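The values are calculated or read from the model by the stated rules, or taken from the named source; none is laboratory data. Computed from a predicted model, the values in this text were never measured in an experiment. Heads up, the Cβs are rebuilt from the backbone with ideal geometry, glycines too, and the neighbour counts pull from every protein chain shown. Quick note on the areas: whole protein, heavy atoms, side chains included, nothing else; ligands and nucleic acids left out. Shrake-Rupley method; radii C 1.70, N 1.55, O 1.52, S 1.80 Å.
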Amino acid sequence: LTWQILEGKNEIPITLFEAEESVDAGDIYLQDVIKLQGTELLSEIKHKQGVLTQKLVLEFIERYPNITGRKQEGEETYYRKRSIKDSELDVNKSIKEQFNLLRVVDNERYPAFFYMKGQRYVIKIFKDGTEKND
């Protein structure tokens, strides 16, 4: 989810599939898409993901055992686990250029940060509820 947002995507598929030994190998049972406006921060994104995942699970339970999966097609997609280092901002880029990174950082576990003159600085991002029409 996070890597796709960093790639600039605002429509992200959520898939309920059967777990298999190999990554992305199990049958797909249900799919839907999270649609983002591009302004949501991590907590809002995770909430949307949770709501949609719960919807898919409940639909699967409701339809079980009369639901069949379909084989996955194409190449598997795999993103490495993000680490603290992935939250580093580039001081030579604008906020606008790095906004997707700011959107997906976890303020407590892996906050955004940058180095300036040998010092590490941490930036935490929150919405304050004020909106401005651009």
**Fill in**
All conditions in (1) in contact (Cβ under 8 Å) with a residue 40 or more places away in the chain; (2) within 29 Å of F17 (Cα to Cα); (3) open to solvent by 60 Å² or more (accessible area, probe 1.4 Å) are true of D106 except (3)
**Asked** Considering K124, K96, K117, K85, which residue is of a type in the set (K, R), at pLDDT 95 or above and surrounded by 10 or more Cβ atoms within 10 Å (Cβ to Cβ)?
**Response** K124
**Prompt:** Out of all the residues in the range 78-127, which are out of contact with any helix residue (DSSP H, G or I) (no Cβ under 6 Å at 6 or more places or on another chain) and small (G, A, S)?
**Reply:** S83, S87, S94, G118
**Message:** Let me spell it out: the conditions are (1) open to solvent by 40 Å² or more (accessible area, probe 1.4 Å); (2) out of contact with any Asp or Glu (no Cβ under 8 Å at 6 or more places or on another chain), and E76 meets all of them except one. Which number is the exception?
**Reply:** (2)
**Prompt:** From the set of residues in the range 8-24 that are within 16 Å of G74 (Cα to Cα) and of a type outside the set (D, E, K, R), which is most open to solvent (accessible area, probe 1.4 Å)?
**Reply:** F17
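Can you pull out the residues in the range 51-80 that are hydrophobic (A, V, I, L, M, F, W, C) and within 21 Å of T2 (Cβ to Cβ)?
Scanning the range 51-80 gives V51, L52, L56.
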**Request:** Kindly indicate the residue of the range 25-54 that is part of a loop (DSSP other than H, G, I, E, B) and in contact with a strand residue (DSSP E or B) (Cβ under 8 Å, 6 or more places away or on another chain) and also least open to solvent (accessible area, probe 1.4 Å) among those meeting that condition.
**Result:** G26
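From the list I5, I67, pick out the single residue that is open to solvent by less than 80 Å² (accessible area, probe 1.4 Å), within 25 Å of I125 (Cα to Cα) and of a type in the set (V, I, T).
Every option except I5 fails the conditions.
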**Asked** Can you tell me which of L52, L41, L36, L30 is touching a helix residue (DSSP H, G or I) at 6+ places or on another chain (Cβ under 8 Å) and either farther than 21 Å from F126 by Cα or of a type in the set (S, T, Y) (or both)?
**Response** L30
